[in-house]
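Following: one structure in structure tokens, then a few remarks.
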Amino acid sequence: MPFFICRTCGAQHAESDSPPQHCVICEDERQYIGRYGQQWTTLEELRAGEYQNKVMETDPGVVSIFTVPQFAIGQRAILVRTGSGNFLWDSTTFIDEATIAAVREMGGIQGISVSHPHFYSSVVEWSHAFGGAPVYMPVADREQFVRPDPVVVWYEGNVDLWPGLTLIQTGGHFEGSSVLHWADGAEGRGALFTGDSISVAQDRRWVTFMRSYPNFIPLPAPVIRQIVAAVEPYEFDRIYGCWLGADVRSDAREAVRRSAERYIKWIGG
Ligand SMILES: [Zn+2]
Ligand SMILES: [Zn+2]
């Protein structure tokens, strides 16, 4: 039976003989149903089309992977090449033999996590392609994880994955929203990989925090403070955002602090 994929958010759902009735991720107020209604595809159908993945080194140890032409939300996945192994942060819906071969050449994948449900994509396929690498997922967003599989390791709170590699549960955008901290990133000054949990603004000296980006729903002041407090104990100079080039290149810890202050001022907190 096929594993249907929602064309709007790109999440692959549990196997079923006909397309599911609903996508819980898109029906949530943080996402939306596409303008032509709920539509489905499959990985097989995408592979028969014009899609391909670009695998590009962004910085030493940081490899961006994204699909062209863009599919669904279009976020990049990032392969973080640590001294203890390769960790895949976020994921893409499209994955094919060429992608698998390129990543295998870099040592494969030993662990995976996704910042929040909008980027769940084909994360289980990624794991299966790399020997069933563990997929760390927060219990808090379990109902949004639409393709259950034994490779998933459910967690609560922060997770010390490997030496110098930590999942930090910030909450905010989703209850289980998380970021990945890599102490050796940014030439040893520390890097944070943030998905939508802390989003890099167009002016890349700044970041922002939203309940919904497409529907422009803000977060309240106490939640902004909670996100800042969650990352405060960690040293980091750089933030890698959801898209290629959406990075705070330096002084990122200060950028988070000052962006939170500005945001709270403007929402009257
Ligand atoms: Zn969807
Ligand atoms: Zn999101």
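Observations, loosely collected:
- Out of Val62, Val24, Val55, one residue alone is at pLDDT 95 or above, open to solvent by less than 40 Å² (accessible area, probe 1.4 Å) and of a type in the set (Val, Ile, Thr). It is Val62.
- Of all the residues in segment 260-269, those that are surrounded by 14 or more Cβ atoms within 10 Å (Cβ to Cβ) and among the aliphatic types (A, V, I, L, M) number 2.
- Residue check, Tyr36 out of contact with any Leu (no Cβ under 9 Å at 6 or more places or on another chain), more than 10 Å from ligand 1 (Cβ to nearest atom) and either of a type in the set (Ser, Thr, Tyr) or part of a strand (DSSP E or B) (or both): yes
- The set of residues in segment 46-94 being acidic (Asp, Glu), assigned to a loop (DSSP other than H, G, I, E, B) and either within 16 Å of ligand 2 (Cβ to nearest atom) or in contact (Cβ under 8 Å) with a residue 40 or more places away in the chain (or both) consists of Asp90 alone.
- Residues that are under 24 Å from the mean Cα position of the chain (by Cα), more than 9 Å from ligand 1 (Cβ to nearest atom) and surrounded by 13 or more Cβ atoms within 10 Å (Cβ to Cβ) within segment 3-21 comprise Phe3, Phe4, Gln12, Ala14, Pro20, listed in sequence order.
- Picking from residues in segment 106-117 that are more than 12 Å from ligand 2 (Cβ to nearest atom) and either within 11 Å of Val151 (Cβ to Cβ) or in a loop (DSSP other than H, G, I, E, B) (or both), the one that is most open to solvent (accessible area, probe 1.4 Å) is Gln110.
- All positions within segment 169-212 that are within 15 Å of ligand 2 (Cβ to nearest atom), part of a loop (DSSP other than H, G, I, E, B) and open to solvent by 50 Å² or more (accessible area, probe 1.4 Å): Glu175
- Remark: pairs (first residue in segment 201-230, of a type in the set (Phe, Trp, Tyr); second residue surrounded by fewer than 15 Cβ atoms within 10 Å (Cβ to Cβ) and modelled with pLDDT of 95 or more; Cβ separation under 8 Å; 6+ apart in sequence or on different chains) = Trp206/Arg258; Trp206/Arg262.
- Test: residue in segment 91-99 that is within 25 Å of Val248 (Cβ to Cβ) and open to solvent by less than 30 Å² (accessible area, probe 1.4 Å): yes
- The condition of being without any contact (Cβ under 8 Å) to a residue 60 or more places away in the chain, under 17 Å from the mean Cα position of the chain (by Cα) and open to solvent by less than 40 Å² (accessible area, probe 1.4 Å) holds for Pro138.
- Complete set of residues in segment 222-259 that are in a helix (DSSP H, G or I) and open to solvent by 10 Å² or more (accessible area, probe 1.4 Å): Pro222, Val223, Arg225, Gln226, Val228, Ala229, Ala230, Arg253, Glu254, Arg257, Arg258
- Filtering segment 128-152 to residues that are out of contact with any Ser or Thr (no Cβ under 9 Å at 6 or more places or on another chain) and closer than 24 Å to Phe94 by Cβ leaves His128, Phe130, Gly131, Gly132, Gln144, Phe145, Val146, Pro148, Pro150.
- Identity of the residue in segment 91-109, within 17 Å of the chain's Cα centre (by Cα) and more than 16 Å from ligand 1 (Cβ to nearest atom), that ends up nearest to Asp160 (Cα to Cα): Ile109
- Some residue of segment 118-127 being in a loop (DSSP other than H, G, I, E, B) and on the phi > 0 side of the Ramachandran plot: yes
The values are calculated or read from the model by the stated rules, or taken from the named source; none is laboratory data. It should be emphasised that the depicted structure is a prediction, and the values quoted were computed from it without experimental measurement. All Cβ positions, even for glycine, are placed from backbone atoms using ideal geometry, and neighbour counts span all protein chains on display. Each accessible area value is taken on the protein alone, full model and side chains, heavy atoms only, with ligands, DNA and RNA left out. Shrake-Rupley method; radii C 1.70, N 1.55, O 1.52, S 1.80 Å.
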